[in-house]
1. Quick check on my filter: what residues within segment 1-28 are surrounded by 16 or more Cβ atoms within 10 Å (Cβ to Cβ) and of a type in the set (Lys, Arg)?
2. For segment 65-72, indicate whether the set of residues that are part of a helix (DSSP H, G or I), closer than 23 Å to residue 43 by Cα and modelled with pLDDT under 85 is non-empty.
3. So which of 33, 48 ends up being over 20 Å from residue 100 (Cβ atoms), in the same structural domain as residue 1 (by TED's automatic domain parsing), in contact with a Ser or Thr (Cβ under 6 Å, 6 or more places away or on another chain) and of a type in the set (Gly, Ala, Ser)?
4. Restricting attention to segment 11-31, which residues are not in a loop (DSSP other than H, G, I, E, B) and not acidic (Asp, Glu)?
5. Filter segment 101-123 for residues that are surrounded by 12 or more Cβ atoms within 10 Å (Cβ to Cβ) and either at pLDDT 90 or above or not assigned by TED's automatic domain parsing to the domain that holds residue 143 (or both) and give the result.
Amino acid sequence: MTLTHNISHGWADSSADKPRWNGLNQLGREVVSEMNRLGTVIDISHVSDKAFFDEDTDLRITIEHLSQGRDWPLEGKPTIDDILDHIDHAVKTAGIDHVGLGADMYPRTPSPEGMRGAHDYGNITRGLKRRGYGDDEVKKIMGGNFLRVWKRVTEKSG
């Protein structure tokens, strides 16, 4: 379940809107706590940085490490190689068992060259193989890690 999308609402701030709560308010913290108790997978892809950091200290440490990587260029569109560089950095920082992909997979402008939608995921797979990732590593990045975590989190509720 996603906490918010493009608009801040009654308990969580969005990354695309003006902050209302400086992250999560008390209700938001209670919602996240209950979601964790129930074993709900929480999608934080559109929350504000403050809301992201309200969730878990381990997440804060991870993102601080990942943010040390190279940002996408401000001028011009990012390329598939920029995406692969980010994946490489995440693997070096967090380890192969902690990297997975997620994206709004609809055509958008600008979009990275070579990644207009879900039909271009094969470009990532081919790029990872060219960079020396083995079949098992590619499977983890391209969905295996996500499925493992999804299963672990949702088993808590059953």
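The values are calculated or read from the model by the stated rules, or taken from the named source; none is laboratory data. Treat the numbers as computed from the prediction; the structure is a model and nothing was measured. Reconstructed Cβ throughout: ideal geometry from the backbone, glycine too, with neighbour counts over all protein chains shown.
1. 20
2. Within segment 65-72, one or more residues are part of a helix (DSSP H, G or I), closer than 23 Å to residue 43 by Cα and modelled with pLDDT under 85.
3. 48
4. Listed by number, the residues that qualify are 12, 14, 24, 26, 27, 28, 29, 31.
5. 123
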